[in-house]
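Remarks on the structure that follows.
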Amino acid sequence: MDLSFKTGEELFQFILLGVLLIFTVILFIVVMNIFMLLKKLNLGASGSAAADAVEETSFWKSLTNAVPIAKEETVLLDHNYDGIRELDNHLPPWWLGLLYGSIVFAIVYLLNYHVWHWSPSQEQEYTIAMDEGKKEVEAYQAKLGESIDEKSVKVLADAKTIENGKTIYTEKCVACHGAAGEGGVGPNLTDEYWLHGGTINDVFGVIKNGVPEKGMISWKATLKPGQIQEVSNFIMTLKGTNPANPKAPQGEKVGDVAAATTSGDSTQAK
């Protein structure tokens, strides 16, 4: 039997199952108790005999262990304080059951978390939850990234996006466009002249689909949509950087374009 619990919730469910099992047993005893009582009554018990039968088979009496008022003299102590007498009643079985149950639970808890480590500690459980959450976020972002296209691409200015885009640019684009975007085989990416449109949507489309007749290959089979969005945003940051030895302007001059809203159409792109 595997008693290892990955989370406190699993331990709670195990304990709850045990409690329900105990409750089921108690309920069965109550039902059988009532059945036996009815059976005795049906056999013709009446008057004091019936009362004695009820008292003898009372499940509540077995839980409280209470002494009937008529028999309190049997448990009366000699203590007398201003006319108040003390009874030597025992603790109710239900109360003792809770006490002993709490002690057993405390021992199980101690052994579980501090001796045998069946379940992770709160700190470990937090780490597990954070790791699972991180994986879920990454899976969601990956799924979201696959849905990006020329229409849904957005302008992103956060440092992580720009840094990732720069890494991709360094690996894939430097050979044709230069380390600083000054141009080479490909056009200059830092001036105001654009061959295929000046929005980030245009840049995304050119990188994704390429321009085969001019030597620009399609990157959609190599880069994921999210990566194309990152490198497109990095290219947007090159405008106006004025690198050394820039290539002569090509295409049409495009003025500043207002920043994108939800559609993602925005600033200058190459």
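The values are calculated or read from the model by the stated rules, or taken from the named source; none is laboratory data. Since the model is a prediction, treat every value here as computed from it, not as a measurement. Side chains are part of the model used for accessible areas, which takes the heavy atoms of the whole protein and leaves out ligands, DNA and RNA. Shrake-Rupley method; radii C 1.70, N 1.55, O 1.52, S 1.80 Å.
For K224, the aspartates and glutamates whose Cα comes closer than 18 Å to its Cα, not counting residues fewer than 8 places off in the same chain, are E138, E146, D149, E150, E163, E171, D202.
Give me the accessible area per residue for the range 154-241, probe 1.4 Å, as a whole number in Å².
Working: 4210 Å² over 88 residues.
Averaged over the residues of the range 154-241, the accessible area is 48 Å².
The candidates K39, K247, arranged from most to least accessible area with a 1.4 Å probe in the full protein assembly, appear as K39, K247.
Each residue was assigned an accessible area with a 1.4 Å probe, and for W219 the value is about 40 Å².
Heavy atoms only, 1.4 Å probe, whole protein assembly: order K143, K239, K214 by accessible area, highest first. Each step should come with its number before you reach the end.
Working: K143 155, K239 60, K214 130 Å².
My answer, sorted largest first, is K143, K214, K239.
When its C-alpha radius of gyration is set against 2.2 N^0.38 Å (N residues), the range 118-254 gives a value of 1.31. To the nearest 10, the accessible area of M36 is 80 Å² with a 1.4 Å probe.
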